[in-house]
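Below is one structure, written out as structure tokens; the observations come after it.
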Amino acid sequence: GKKKKKLFWVPAIAPLISVVLSTFFVYITRADKHGVQIVKHIRRGINPSSLNEIFFSGEYLAKGFRIGVLAGMIALTEAVAIGRTFASMKDYQLDGNKEMVALGTMNVVGSMTSCYVATGSFSRSAVNYMAGCNTAVSNIVMSSIVLLTLELITPLFKYTPNAILASIIISAVISLVDIEAMTLIWKVDKFDFVACMGAFFGVVFSSVEIGLLIAVSISFAKILLQVTRPRTAVLGKIPRTTVYRNILQYPAATKVPGILIVRVDSAIYFSNSNYVKERILRWLADEEEQLKESSRPGVQYLIVEMSPVTDIDTSGIHAMEELFRSLEKRDVKLVLANPGPVVVDKLHASKFHEMIGEDRIFLTVEDAIVTCAPKMDLEP
């Protein structure tokens, strides 16, 4: 069916043929008496109305509400995750609001006939996808067939082996495993790969809920790690420009004599303020050690490039104050370059600008360099 488009119907009817043949062979050989697990008895027809069994009072109301909220959240998360998987494969957009309305309507109506809490099924969606279904009409056809099956031919499935049902799901899901995407994730970000594998094995060996929980937990840990350990970089001047960039990324960038320029690539909060301060002091200690070994003058100014710093809290301001005092003891002057409007407002509100001095806050790194080292030849 994949090689010849004219034979597209072969893989489409393969699951049905598998069920019919396996059921027939189990019946004529009575394999169920020799250890083969079968579906056994399925009650005929659909559930009767259960409206008279819905109560909004009693001792179980609060417990039912809590369970309902939790089940609804899990069902919605699972449905949206599955929907996004197939949306990316088919290149269309998913509307989360419509998904929520559809799930809510489905479960409200279903509760009137004592149905289970329903959500999008990864396995059945995969089978539907592999059958070549493209629109919601497939669900209408499938629902009609299921209704006719429940009403008319349910007894015929008594001898259907569980193994054939599992094989249909497995064969459909295997095609959804994208090895190339996994390889790309490994190359781009190892942490994302760990989250991907956690989700994969959680779904395969447990359930979609467990897979989502593992992936979300790992992703949340990654976010915490990035927030608590933000990147910092030493900047140097690009030759024949007024641009200052990371010296590790741009080997041609040169340091300004007597001045250390450090960029903080994150907002400064209570979770990372001490780390940022200690990291800046470590950069300073390393720089002074290198200058001492080469018998060059030490660092006189430490410029903190703050353009990536979108926000700062009280703990961050306290860390900057401690940094200022530590630098004073080393006879190094602290200079700030390009702080954002939010950061500037908070520095003024905390009176930090009075401690450091208004003349130590500049619009750009170049302005700070020109002011702090006017006699130096800045052009390499």
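Can you tell me which residue in segment 271-310 is farthest from Val344 (Cα to Cα), limited to those that are of a type in the set (A, V, I, L, M) and in a strand (DSSP E or B)?
Top of the filtered list is Leu302.
Would you check if Ile42 is closer than 27 Å to Met130 by Cβ and surrounded by 11 or more Cβ atoms within 10 Å (Cβ to Cβ)?
Yes; evaluated as a whole, the condition is true for this residue.
What tally of residues in segment 354-372 results from selecting those that are buried (at least 16 other Cβ atoms within 10 Å of the Cβ) and in a helix (DSSP H, G or I)?
Residues meeting the conditions: 7.
Ala12: in contact (Cβ under 8 Å) with a residue 60 or more places away in the chain and either outside the structural domain of Gly211 (by the TED database) or not acidic (Asp, Glu) (or both), yes or no?
yes
(1) part of a helix (DSSP H, G or I); (2) closer than 26 Å to Asp178 by Cα: which one isn't true of Lys3, the others all being true?
Unmet condition: (1).
Just give me the residues in segment 132-150 being closer than 26 Å to Gln37 by Cα and either in contact (Cβ under 8 Å) with a residue 60 or more places away in the chain or not polar (S, T, N, Q) (or both), in sequence order.
Met142, Ile145, Val146, Leu147, Leu148, Leu150 - these are the residues of segment 132-150 that are closer than 26 Å to Gln37 by Cα and either in contact (Cβ under 8 Å) with a residue 60 or more places away in the chain or not polar (S, T, N, Q) (or both).
So, Ile317, is that one under 21 Å from Ala233 (Cα atoms), in contact with a Phe, Trp or Tyr (Cβ under 6 Å, 6 or more places away or on another chain) and crowded, with 16+ Cβ neighbours inside 10 Å or not?
yes
Confirm whether Ser143 is polar (S, T, N, Q), open to solvent by 70 Å² or more (accessible area, probe 1.4 Å) and under 30 Å from Phe56 (Cα atoms).
No; evaluated as a whole, the condition is false for this residue.
Take the residues of segment 81-118 that are free of Cβ contacts under 8 Å to residues at least 24 places away in the same chain, assigned to a helix (DSSP H, G or I) and among the aliphatic types (A, V, I, L, M): which is farthest from Gly211 (Cα to Cα)?
That would be Val109.
Name the residue that is nearest to Gln300 (Cα to Cα), counting only residues in segment 327-343 that are part of a helix (DSSP H, G or I) and either without any contact (Cβ under 8 Å) to a residue 12 or more places away in the chain or open to solvent by 40 Å² or more (accessible area, probe 1.4 Å) (or both).
Glu328
Does at least one position in segment 354-362 carry a residue that is on the phi > 0 side of the Ramachandran plot and touching a helix residue (DSSP H, G or I) at 6+ places or on another chain (Cβ under 9 Å)?
No.
Out of Ile169, Ile153, report the one residue that is open to solvent by less than 80 Å² (accessible area, probe 1.4 Å) and either in contact (Cβ under 8 Å) with a residue 24 or more places away in the chain or of a type in the set (Gly, Ala, Ser) (or both).
Ile169
Condition check: surrounded by 14 or more Cβ atoms within 10 Å (Cβ to Cβ) and in the same structural domain as Met142 (by the TED database). Does Gly104 satisfy that?
No; evaluated as a whole, the condition is false for this residue.
Spot the failing condition for Leu323; the list is (1) assigned to a loop (DSSP other than H, G, I, E, B); (2) in contact (Cβ under 8 Å) with a residue 40 or more places away in the chain, and only one is missed.
(1)
Within segment 229-238, is there a residue that is closer than 30 Å to Leu281 by Cβ and open to solvent by 70 Å² or more (accessible area, probe 1.4 Å)?
Within segment 229-238 (the criterion being closer than 30 Å to Leu281 by Cβ and open to solvent by 70 Å² or more (accessible area, probe 1.4 Å)), the answer is yes, since at least one residue qualifies.
Suppose we filter Thr241, Thr183 for residues that are in a loop (DSSP other than H, G, I, E, B) and either surrounded by 14 or more Cβ atoms within 10 Å (Cβ to Cβ) or free of Cβ contacts under 8 Å to residues at least 12 places away in the same chain (or both); which single one remains?
None of the other options fit; the residue is Thr241.
Go through (1) assigned to a loop (DSSP other than H, G, I, E, B); (2) surrounded by fewer than 17 Cβ atoms within 10 Å (Cβ to Cβ); (3) of a type outside the set (D, E, K, R) for Thr77 and report which single condition fails.
(1)
List every residue pair whose Cβ atoms sit under 7 Å apart, with the two residues 6 or more apart in sequence or on different chains, where the first one lies in segment 41-69 and is farther than 18 Å from Tyr116 by Cβ and the second, anywhere, is outside any helix (DSSP H, G or I).
Filtered contacts from segment 41-69: His41/Lys158.
The values are calculated or read from the model by the stated rules, or taken from the named source; none is laboratory data. Computed from a predicted model, the values in this text were never measured in an experiment. FYI the Cβ positions are ideal-geometry reconstructions off the backbone, even for glycines, and counts take in every protein chain you see. Ligands, DNA and RNA are stripped out before the accessible areas are found, and what is left, the full protein with its side chains, is counted by its heavy atoms. Shrake-Rupley method; radii C 1.70, N 1.55, O 1.52, S 1.80 Å.
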